[in-house]
Each structure stands twice: as structure tokens, then as C-alpha cells.
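The values are calculated or read from the model by the stated rules, or taken from the named source; none is laboratory data. All values reported here derive from a predicted model rather than from experimental measurement. When we count neighbours, we look across all protein chains shown, and the Cβ atoms used for this are built from the backbone with ideal geometry, even at glycine. Accessible surface is based on the protein model in full, side chains and every heavy atom, while ligands, DNA and RNA are left aside. Shrake-Rupley method; radii C 1.70, N 1.55, O 1.52, S 1.80 Å.
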Amino acid sequence: MTVAAIVAAPAIEFDRVCARYERVEVLHDVSVSIPAGSVFAVLGPNGAGKTTMLSVVAGLLPTTAGRLRITGNDVSHLDATTRARLGICLIPEGRGVFPTLTVSENLWMMTHLGASRSDIEAQAFMRFPQLSDRRNQLAGTMSGGEQQMLGLARALSTNPAILLLDELSMGLAPKVVTELYDVVVRVAREEHLTVVLVEQFARTVLSVADRAALVSTGRVLEVGTPDQIEAELQAAYLGTINHSVAHTPYQALEDRIDHDQGAP
Ligand code: ATP
């Protein structure tokens, strides 16, 4: 591969990827390119396959067909630990903190990669000043937003190249979600980090993403700019609202897919 090709390679490339749980295939021929240094949103209804896409990137679920490339290199055969060493970091739904340890202890656990306690704390408290006041508090007693900040601080302390965030907004107030995404986007811009955001709530992430994909029933329906994806959701909603009782853009989108595919 030439230097130019490496520079131009997407950070993550799904190339006709299929994946399954046991015998049930849940990703079908998924092809998406995620540019390096971009904030990319994966949107879609419950069960669409969003979390599964992150699991495939992190190496927690193997591909059964197709290729998963990271900066142009096929990593389909690499396990999760090796991919973590390559700088792929997943924050799963549910925050990724140790509730019975204090904030500082949660951060100190990240010294295994070589950074000192004081450096990790200083970086975490610079990014999330609110955590500094709570350094001796048990993580499990903090608010959901603060726990999410701590999870992000822990993940960022590993200096990842690719950050995969699953439903950061789960159970949080909209204002807190906006604050968290603001930090994520700032860090992504400053440190040329590639960020993949999985969300059910389109509006919040479309306001911060560079590009987005709309997925449903394990297939990619559309990839585009936030405006294009927003327009697609709007069109689905407006196109269906006169004919059905669709209450959300996703439901309208699914109704339209069913209709296109000839479902009764
Ligand atoms: P949500 O927004 O509800 O979290 P999602 O878009 O992230 O949904 P996935 O969690 O990727 O969807 O699930 C895709 C499909 O795979 C669903 O039909 C789900 O029931 C199924 N699935 C997910 N995890 C497993 C598992 N461990 N074993 C079997 N099936 C699974």
C-alpha cells in the first residue's frame, strides 16, 4: 500500500460485513466508510444493529462475511485485545465505571498503560472539572452524567485513536447529554480522534456529527451529512403521516421500508 493510500484510508471501513449471534444473522452486507478524525453517528430504531456494528469494530463479535478495515488494514481476524492495543476503545451502554471505587481510584486503574496517576487525574479534571470536586466520592453514588464523564475520562486516558460510544445519552437529561457530546467533539477535533456515536435520539447527535448512517434491521439505509439524514427522517415521517399512525420518524421509516418490501 502506498503512503498516499494509507493517508487517504478511512479510519473504519465496513466492506459488505455480515455478523450473527449464533445462527441468526443480524448485520447483512453492511458497507460504511468512516473518515479519520470525523465524528460519525449511527442512528436507527431499537434492534437495528447499531450496538452490533460497534461490537464488530471492537472485535467482540466476529464478521461472518466481508471485511472490517482499520486505516486500510484488514483486522477481521484480530481479537478484541489486539484491537484495543491498536487504539480502538469502546464505551458500552452502562458507563464503564467501577461503582464501589472512588473517582480517583477509577482513574488510577488506568495507570497500567504507563501514565502516572497525577497525569491521568490532571487530564481528567481538565476535561471534566466537575469530577475534581468528587475525587473521593464513590463512583456509584454520583449522578448518571457524572458517571458518564468518568467513563469518558477513563477511556480518553488511554489516548485512543477510535472511540466507540454506545448510547451515551441513556437515562440522562438533555442538557447533560449536550455537555458530554460537546466535550467528546472538542477532544475529537483537538486530538484528531475518530468517534462513532450510536444513538436512538437523532437530533442531539446530528447536531454534532460530521456524517451519519441510518440503519434498520441490520442494513444501512443511507449514509450522508447530518442534513441529508435529517431530511431522510423528515421525509419518511411526512410521507407516512397522512397514511398511518406513525408517531416517530423511525417508525415512519420502518413503515416505509415494510411497504417498499411488500409487507402486508
Ligand atoms: P438498541 O437501540 O435497542 O440498543 P441496536 O440497534 O443497538 O438496538 P443491537 O443490540 O445491535 O441493536 O441488536 C441487533 C439485533 O441482534 C436485535 O435483533 C437483537 O435482538 C439481536 N441481539 C443483540 N445481541 C444479541 C445477543 N447477545 N444474542 C442474540 N441476539 C442478539
*Say we look at region 191-206 and pick out the residues that are away from the ligand (no atom under 16 Å from the Cβ) and part of a loop (DSSP other than H, G, I, E, B); which of these is most open to solvent (accessible area, probe 1.4 Å)?*
HIS192
*Run down ALA209, ALA213 and say which single residue is touching a residue at least 60 places away in the same chain (Cβ under 8 Å), more than 16 Å from the ligand (Cβ to nearest atom), hydrophobic (A, V, I, L, M, F, W, C) and closer than 27 Å to ASN159 by Cα.*
ALA209
*Would you confirm whether any residue within region 125-145 is open to solvent by less than 30 Å² (accessible area, probe 1.4 Å), away from the ligand (no atom under 16 Å from the Cβ) and among the hydroxyl-bearing types (Ser, Thr, Tyr)?*
no
*Just checking, how many residues over region 112-124 are part of a loop (DSSP other than H, G, I, E, B) and loosely packed, with under 10 Cβ neighbours inside 10 Å?*
1
*asked:* Pairs needed: first member in region 129-147, over 19 Å from GLU167 (Cβ atoms); second member anywhere, part of a helix (DSSP H, G or I) and of a type outside the set (A, V, I, L, M, F, W, C); C-beta distance under 6 Å; at least 6 residues apart or different chains.
replied: ARG135/SER104
*Determine, yes or no, whether ALA209 is buried (at least 18 other Cβ atoms within 10 Å of the Cβ), touching a helix residue (DSSP H, G or I) at 6+ places or on another chain (Cβ under 6 Å) and in a helix (DSSP H, G or I).*
no
*Within region 44-52, can one find any residue that is open to solvent by less than 20 Å² (accessible area, probe 1.4 Å), over 15 Å from the mean Cα position of the chain (by Cα) and either closer than 17 Å to ARG67 by Cα or polar (S, T, N, Q) (or both)?*
no
